Amino acid sequence: MNPKKIVTVIGARPQFIKASAVSAVLAESDQLREIVVHTGQHFDTNMSDVFFSELGMMPPAYQCGIHGGTHGDMTGRMLIDIEKILFHEKPDAVLVYGDTNSTLAASLAAIKLHIPIAHVEAGLRSFNMRSPEEVNRILTDRVSRWLFTPNHVAGVHLLDEGASPGRIHQVGDVMLDVALRHGARVTPDGGVLARLRDKHGVRAGEYCLATIHRAENTDDPVRVTTIVDALTHFARDIQIVMPLHPRTRTTLAEQGKLQALQDAVVLLDPLGYLAMVQLEKHAAIIATDSGGVQKEAFFYRVPCVTLRNETEWTELVDAGWNRLAPPVDATSVLQSLRAGLGSIGDDIAPYGSGDAAVRIVQRLSNELA
Ligand code: UDP
């Protein structure tokens, strides 16, 4: 029997990480064959290649090389390219991840060609339609045949929106799969932590790891100023290490904030997955606006402060692992950072047991093969 063909479309850093879990299981399957399309949304060594090599992924079969431009421009160019690939490959299903423009472009291309879509990380909601991620995920969920949810609450959101229960499959979070498979072996020895200790005196368990990349923060001068003020004050209490997303570096420089931050905080280029995990695991606290980093903080039981008005991962706030600190007032952000230090939350397990990828591939095999 010929294996059924799955076209996976990915393009951004968190998608490479999530897809690595499912691609590893698909590679073992006799019933399904995967063709990977890389849209190019994130493209250089730090933001793309390192994840393929570290996480043992095959190079993509297609590289669209599309990045930059407005949302409409980027999504439109991706749609054109992905449609051509789908015409050519004629897959039995299209597999997409998360909430980026690559996710939406692939979903639009597939649904118009009547190709069933599997959405991994379905059902997450921030209830903020000004956020591009929220628009991308809601539209993708609406047209997907398989809604693979990471947790209970995502399924509740989908049911509330009228999705039929038969489309919803709570498989757990593929990021937990990756954390258990790759992150678990990361130790405090060597690597970026050793370099930071030698160069800046950074010690395991005694620093704050910070990341900022969301447009709602980086594109808003008031929020940028608030975050920089809060972090520079917090840096008097504890050393701060901050790998900078390329967009964040650009907007900080444009807004004249890069130097102030650089004077107070250890700034780094974007890190590979294993280096990032090493810094996450051994941080005293994590301050972030990243969805994935919020969860990884919990996987490694490190307290987290989320620099946003809302979060999709509400169970972590409810359980006390995460606190929301909207970056509108530096004093209250600073208070949240100080309160977070040393705090721990309840013992919860909302994201399954690390077999989400196996369950996704089983479901697709059962229904396609
Ligand atoms: N990450 C990384 N290097 C970095 C920053 C983040 O490998 O310098 C990883 C992080 O460990 C997590 C993922 O990227 O697995 C999160 O991606 P990102 O913050 O870009 O997006 P989001 O999760 O907000 O969609």
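Rule-based calculations on the coordinates, nothing more; no lab input. Since the structure is predicted, the reported quantities are computational estimates derived from the model, not experimental observations. Here the Cβ is made from the backbone with ideal geometry for all residues, glycine too, and neighbour counts use every protein chain on show.
For this structure, a couple of remarks:
- Region 169-211 and region 35-77 have their alpha-carbon centroids 24 Å apart.
- Remark: region 170-296 carries a charge dipole of roughly 320 debye about the Cα centre, counting +1 on each Lys and Arg Cβ and -1 on each Asp and Glu Cβ.
- Peptides 138-144, 188-194, ordered by how many other C-beta atoms sit within 10 Å of their residues on average, highest first, read 138-144, 188-194.
- Among 338-345, 354-361, 177-184, 243-250, the order from most to least packed when residues are scored by Cβ within 10 Å on average: 354-361, 177-184, 243-250, 338-345
- Where labels lie 7 Å past Cα in the beta-carbon direction, separation of Gln335 and His71 in nm: 3.2 nm
- Listed residue (Met276, Thr251, Thr311) projecting farthest to the positive dipole end of region 222-352, Cβ model: Thr251
- Pairwise alpha-carbon distances in the chain exceed 38 Å for 15% of all pairs.
- Estimated dipole of the chain in Debye, rounded to 20 [Cβ of Lys and Arg +1, of Asp and Glu -1, Cα centre]: 340 debye
- Part-to-part distance (alpha-carbon centres) for region 225-293 and region 302-369, which is given in Å: 19 Å
- Placing unit charges on the Cβ atoms of the charged side chains and taking the dipole of the chain about its Cα centre, the candidate lying farthest along the positive direction among His88, Pro116, Phe51 is His88.
- Summing Cβ point charges (Lys, Arg +1; Asp, Glu -1) relative to the Cα centre of region 122-168 gives a dipole of roughly 100 debye.
- For the residue pairs Lys257/Lys281; Lys90/Lys112; Lys199/Lys295; Lys5/Lys90; Lys257/Lys295, the alpha carbons lie more than 19 Å apart in Lys257/Lys281; Lys199/Lys295; Lys257/Lys295.
- Segment Ser164..Glu367, full-extension length gain: 71.4 nm, with 0.36 nm per residue of separation and the alpha-carbon distance subtracted.
- Relative packing of 99-108, 197-206, which averages over residues the other C-beta atoms within 10 Å, highest first: 99-108, 197-206
- Secondary-structure-derived ellipticity at 222 nm for the chain, considering helices only, amounts to -13500 deg cm²/dmol, per-run term -39500 (n - 2.57) for DSSP H runs with n ≥ 4.
- Rounded D (µm²/s) - region 207-310, Kirkwood Rh over Cα pairs, Stokes-Einstein at 25 °C, 0.890 mPa s: 181 µm²/s
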